[in-house]
1. For Cα pairs less than 8 Å apart in space and 6+ apart in sequence, what is the mean separation divided by the residue count of the stretch 84-163, i.e. the relative contact order in percent?
2. Express in Å², to the nearest 10, the accessible area of Glu59 obtained by rolling a 1.4 Å probe over the protein heavy atoms while all chains stay in place.
3. Which of rounded, prolate or oblate describes the stretch 117-156 when judged by the alpha-carbon gyration tensor and an a/c cut-off of 1.5?
4. Any chance you could look up the accessible area of Leu631 with a 1.4 Å probe, heavy atoms only, rounded to 10 Å²?
5. So how do Thr630, Thr332, Thr67 rank on accessible area, 1.4 Å probe, biggest first, that is with the largest at the start?
6. Pairs of Cα atoms under 8 Å, at least six residues apart: use those to get the relative contact order of the stretch 151-265, whole percent.
7. Before I look further, what does the stretch 44-147 give for accessible area per residue, probe 1.4 Å, in whole square angstrom?
8. Which value, in Å² and to the nearest 10, is the accessible area of Ile609 when all protein chains are kept and the probe is 1.4 Å?
Amino acid sequence: MRRLSNRNLLAPAVAIAVSAMAVFILSLVLWSRSVDAQTLAREEELVRQGLVTAIAEVEAALVTETTWDEVVLYLDNRRDLAWADVNLDDFYALGFNFSELTVLDPQDRPIYHRRGRDRAPLDEATTDIFDGLLADVRAAEAQRPPLDGADTPWDTMPAPIQASGFAVLDGRNVLATATLIQPDVGSAMPREDRGLVMLTLLPVREVSIDLLAERYQLADMRTGLGEAHVRPGDAQVRMDVLESDAPLVLAWTPQTPGAVLLRSSILPILAVLLTFGAVGAVMVVRARHAWRQQMAAQRTQTEFLANMSHEIRTPLNGVCAVAAALEATPLTPVQRNMVEIIRSSGISLERLLSDLLDVARMETRSVRVSREAFNLAEAARTLETLLRPRAEEKGLALILDIPPEAETQVLGDPVRLKQVLANLMTNAIKFTQAGDVHVSLRPLGEDRWRLQVDDTGMGFDPARKAELFKRFAQGDASIGRQFGGMGLGLAISRELVELMGGVLDAENRPAGGASFWADIPLPAAGAASEQDMPQQAAPKARPLRILVADDHPVNRQVVEVLLAEFDVELVLAENGLEACQAFETSAFDIVLMDMQMPVMDGLTAIRNIRAKEDAAHQGRTPIIMLTANTLPEHQAASLAAGADLHMPKPIEPERLIAVLQSVADGQGAAA
């Protein structure tokens, strides 16, 4: 009876085990297919966005060569084809190898034609496939306001008029673009009511397709008309073709991480059928190995982004700082507008770099929040001072509501808290066209505070509220086109608030606009003494002597340009060793030190300087780490080495000058 009972118990156990195994295998198959489908959709979207960006780059390059007084003068007015032979080569210098380039007169007849870089007979010009694009350009030209040649130079260039589309020519896939030739400031005007039109053909392979395949590791990328070259399971992006009902299809073999994982799991699954214990061990080992590989890949990605950020910030520092210095000089309105474009573009690029770096660090869970004492009200006032000019430019009232309870020291991460609040305030200003932006701090009890930003702007669709806090999402596509941005700010802010143990949420206001708030635990801290910048004892009233250490000549020149109008004496060093040698032979009021330098890095140089001061019982010289290394661990390393302040590049001129002014004020007080 016992043996029968054991058999009866064994059968259900085996059935349950087999059923569980079948469910597991089926779930794994479905999961792998889901992963592969998501990967395919992601690859298609990346390629689609990459093509849009590449086409925009081609069109932008054409605009620089067609919206230009000189091309109007030499081609429209003088018909100087020799000038075109020389000057239209700029496209090839930019990396755009057009297979054909044709210029049409106001009656849409060819007056200039070239194949590659050599001029070709006009009767060989390809114009038929441009009929639709040319009609669009001429229609837009007819709607354009008349060009005013009496009031020149113009403050604003005419809007570009161009149209693009894919075409198939003699079996070749090409990007066709028609661009109207116009003056930019009005020193030369078209001879007739209609202007010249430039037609260009660019092979599709030149439209960054090979770069897309390399960047996203796409295998066997192919292009062709129709679906003859498309294989089952291929990823594909379709593009309309001029004068053809069949689309131009870009196809490639998609990555299949789910299928790869499924195939690699066959042996472990078979092992499970033999012994559940062995399978469990194998699955644990494999999961840990996959996790380590993923974490290693994410760390590599973060390190790459950090290095890329450093390399981009170095030239960007020159662009932004020199643009700021140039803005303070006498300029014409057109020049001032150009400088503002350079400055604002540099600022946008720097913010984008910071956001992308934050996203990468969050994916690897390497973001850490600190816990230190800071004044909550003062943090809000700092942001209000920083963002008030931006609000005033739009005619908005920026209202800061700070209760007396906020005038206190709290424990938290001041850098991350200000990053979140600045993001909410910046969004409110961006999306509000009239009215006010109201910022308030409110205690919630139990050591929690609410940081709230209310605006009178456009609000958001409550049904799409969840989309606001997703990466690369902006509620709807028109937001990105109208206001710009990549949709990272709120996603980063929510993750930072959650890391601080808080909650970030939003709602529409009944009277219009939106409210965003962050509830964050900020326990009270003990009384903290103010720590000012260290001052040297009894210096003489004289120009500030500043030691600048940076291996990049552009960065040294930027400091010279920014401080050219101030009463300072600069001593320049190309590495940390030269800085230490200069410090040993001369006295300085302040040191501006880069972090990454050859021979001796900035951290080692600061330690050597502090050791020399301690050994000689000298006063502590203020040292500012002026660097493109912007991560929190970089800031911590700077302060640990002995720096008094970590200031990221691109340099903020107002902040740097304020620091120098505080040192100068201390010098005057001591004198």
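1. Once divided by the residue count of the stretch 84-163, the mean separation gives 18 percent.
2. Its heavy atoms expose roughly 50 Å² to the probe.
3. Since a/c reaches 1.5 but b/c is at least a/b, the shape of the stretch 117-156 is classed as oblate.
4. 20 Å²
5. Thr332, Thr630, Thr67
6. Taking the mean separation of contacting Cα pairs over the length of the stretch 151-265, I get 22 percent.
7. Per-residue value: 47 Å².
8. Rounded to the nearest 10, that gives 0 Å².
The values are calculated or read from the model by the stated rules, or taken from the named source; none is laboratory data. Being a predicted model, the structure only gives us computed values, none of them experimental. Every residue, glycine as well, gets a Cβ built from its backbone with ideal geometry; the counts of neighbours run over all protein chains shown. For accessibility, only protein heavy atoms count, side chains too; no ligands or nucleic acids. Shrake-Rupley method; radii C 1.70, N 1.55, O 1.52, S 1.80 Å.
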